[in-house]
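Reading through the structure tokens given below for one structure.
Each reported figure results from applying straightforward, stated rules to the coordinates on display, with no laboratory input. Quick caveat, the model's predicted, so the values are computed rather than measured. Every residue, glycine as well, gets a Cβ built from its backbone with ideal geometry; the counts of neighbours run over all protein chains shown.
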Amino acid sequence: MLVASVLWGTTGTAATLAPQVGPLAIGAAAMGLGGLLQAAVAGRGIARARAVLAARWRIVLVGGAGVALYPLAFYTSMRLAGVAVGTVVSIGSAPLASALIERIADRRRLSRRWTAGAALGLAGTVLLCAAEAARSGSGPGAESTGRTVAGVGLGLVAGVTYAVYAWAAHRLITRGVPSRAAMGAVFGLGGLMLVPVLLATGAPLVASWTNAGVGLYMALVPMFTGYVLFGFGLARIPVSTATTLSLLEPAVAAVFAVLVVGEHLPALGWAGIVLVIACLGVLTVPSRRPRALRRVPVPVPAQPHHQEMTATTTDR
């Protein structure tokens, strides 16, 4: 999950390398081609699990719709509100959305550890967002403010749709569908839904080698490879934990924006990154529960004057 989040964190910076390509085309190319590739690789697994997938077609459909809507909202949010704000709002809202979905659909109770980790992660994302607002807030006009507000709204839509398709894939996996087949079915359907968008908006992707390279990178590395890792992680951890771990993505996006794009990140933003890393530590470091102490008698040699010593205890 953490490696996937690092790969996803490069998408905003990669998109800035092809400014002529609109956000809808970038999103459709990244998630659409990546999703179709996942379906192709998982073809045999999908065929073997077709009976289970057909019985749960509503979950597959909901997940596919989430996959199709997410990149359109996500990349448009970054284009309107900026890379840092768009990424922070989109990914930062996903843990709360997935927790709500798990609570309503699965009746799952959230642990104190998740609550503490989510609080740290969300606090970090808020600081990152505030840092970006302070950096770009030197007298923005009404038009700029409206774009930012619209970008934040679309970021919330992206967060919800991310949580929806993560929940759908996890639900399929926990109902007996292999991880690769579940991800291939959900992302393949989402990719098919994005094909018309790609055909309508994707002309700039083939206008230059740079644009084409960006599109191929987005489809193959963050989307295909990242979501293969994402499916592997979903088979082993709850959705709420998975989406909370993805809070590493906005931190990575902010660092790449500083190192590659040349943006300046204030101290407030670095403080947010520290909180995000603390969140990841809370969620990923395994907790050790001490085993119950058992009283084990230890033979003691007889003492002078026939005194006996009490048994001691050892911790096994």
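Taking R0 as 30 Å, what's the FRET efficiency between VAL126 and VAL195 from their Cβ-Cβ distance, rounded to 0.05?
Working: r = 37 Å, r/R0 = 1.23.
Given R0 = 30 Å and the Cβ-Cβ separation, E is 0.25.
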Separation in nanometres of the label points that stand 7 Å from Cα toward Cβ, at ILE104 and THR210: 4.4 nm
Backbone N under 16 Å from the ALA203 label point (7 Å along Cα→Cβ), restricted to segment 1-25: 20-25
Per-residue ³J(HN,Hα) for segment 97-105, Karplus 6.51 cos²θ - 1.76 cosθ + 1.60, θ = phi - 60°, Hz, x for Gly and Pro: 5, 5, 5, 5, 5, 4, 5, 7, 7
Rh by Kirkwood over Cα pairs, then Stokes-Einstein D for segment 2-285 at 1.306 mPa s and 10 °C, µm²/s: 85 µm²/s
